[in-house]
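Throughout, read-outs are computed from the coordinates displayed, never taken from laboratory work. Everything numeric in this text was worked out from a predicted model, so none of it was measured. Note that each Cβ is placed from the backbone with ideal geometry, even for glycine, and that neighbours are counted across all protein chains shown.
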């Protein structure tokens, strides 16, 4: 089978990376690779060789021995990728001609680890993907990109795999799409793919999350697949078979970010202009609202009244909740919007109190 090159796949859309969470046996790796290659949908085989586990005693990966299995899997024509967290792991991976390296969420969260890997990458030409940090801190993600970029790496990609959040019940890692969107905005020139497997933590919602990411303009997907997912040594619930992956990819509606059709462009541009006008009006209204807030702040100061009036705040929210459904707005959005307005109002009145 004709082997793909990095240049063949790097600017390909959609870029599809798939493979087992962990390389378990040589037979498992080679069979998975061959089945993925047979789908004609997958560009890169991924497999974890070293697995960072939250607690000791769990399967932590085969280690360097599995790198030879990945190298042997290149015979299927797929490129190969694995995660590294230390300079020693990076050196080992490079010995076995790994095509692509990615930094995991725990590594991205540690600037010392990222810097050590960046130092070791000096003078090496290999594509690096960087997953978002496990905690919802976009600046850590940006910092990791900057460190790897300063090491001279020309091909840098981003992987959105969701964020750990307290109280989250639906996802293994909450997608927090707004953070991914902001990261994409700041790094529009970088390849940006989604890892639905780690966002979902289970198979039944993979399709939905994958489609959402494509709707948002992501450049591709990293999805875990295994020849026998239920018997996988790690993350069994989120892995799917190569055949299931092929069906899922065939059912995704692939969308383009660029609008080449002139009629489509002018139709959307006309509606965008309407949004611009409405945004301008919203800001004017908010400015007027804050002027009234300041008048109330002066009155509170003169009469020694506290800024926070809990009953009034509850009244505002209740009125908003009554209206939002009729206006086609979600309660969640209204809560966030009014929370932001309320905090800005408190900021304005506090300035007056302290003047």
- [ ] Determine the relative contact order of the stretch 262-354: mean sequence separation of Cα pairs under 8 Å and six or more apart, normalised by residue count, in whole percent.
- [x] 41
- [ ] Figure the gain on full extension for residue 110 and residue 202 (residue separation times 0.36 nm, minus the Cα-Cα span) and round it to one decimal in nm.
- [x] 30.4 nm
Task: Percent RCO, i.e. relative contact order, over the stretch 79-192, from Cα pairs under 8 Å lying at least 6 residues apart - done: 21
Task: Sites residue 351 and residue 75, calculated FRET efficiency, Cβ-Cβ separation with R0 56 Å, nearest 0.05 - done: 0.25
Open item on the list: With just the Cα atoms defining each centre, how far is the stretch 89-160 from the stretch 175-195? Give it in Å.
Closed with: 16
TODO: Could you point to the label whose value was computed as Kirkwood radius over Cα pairs in Å for the structure here, given (i) 23.8; (ii) 23.0; (iii) 20.7?
DONE: (ii)
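Express the Stokes-Einstein translational diffusion coefficient of the stretch 262-354 in µm² s⁻¹, to the nearest whole number, given a Kirkwood radius over alpha-carbon pairs, 25 °C and a viscosity of 0.890 mPa s.
The calculation lands on 158 µm²/s.
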Open item on the list: With a cut-off of 8 Å between alpha carbons and a minimum separation of six or more residues, what is the relative contact order of the stretch 6-251 in percent?
Closed with: 19
TODO: Any chance you could run the full-extension gain for residue 187 through residue 298? It's 0.36 nm times the residue separation minus the Cα-Cα distance, nm to one decimal.
DONE: 35.6 nm
- [ ] Taking only Cα atoms and a 10 Å spring cutoff, compute GNM fluctuations for the chain and point out the largest among 278, 140, 94.
- [x] 278
Open item on the list: I need the calculated FRET efficiency for the pair residue 11 and residue 313, taking r as the beta carbon distance and R₀ as 56 Å, to the nearest 0.05.
Closed with: 0.65
Task: Proportion of all alpha-carbon pairs of the stretch 23-174 beyond 28 Å (%) - done: 22
- [ ] State the Cα centre-to-centre distance between the stretch 12-45 and the stretch 277-313 in whole Å.
- [x] 57
Open item on the list: Helix-only estimate, please: 222 nm mean residue ellipticity of the chain, summing -39500 (n - 2.57) across DSSP H runs of length 4 or more and dividing by its residues, to the nearest 500.
Closed with: -16000 deg cm²/dmol
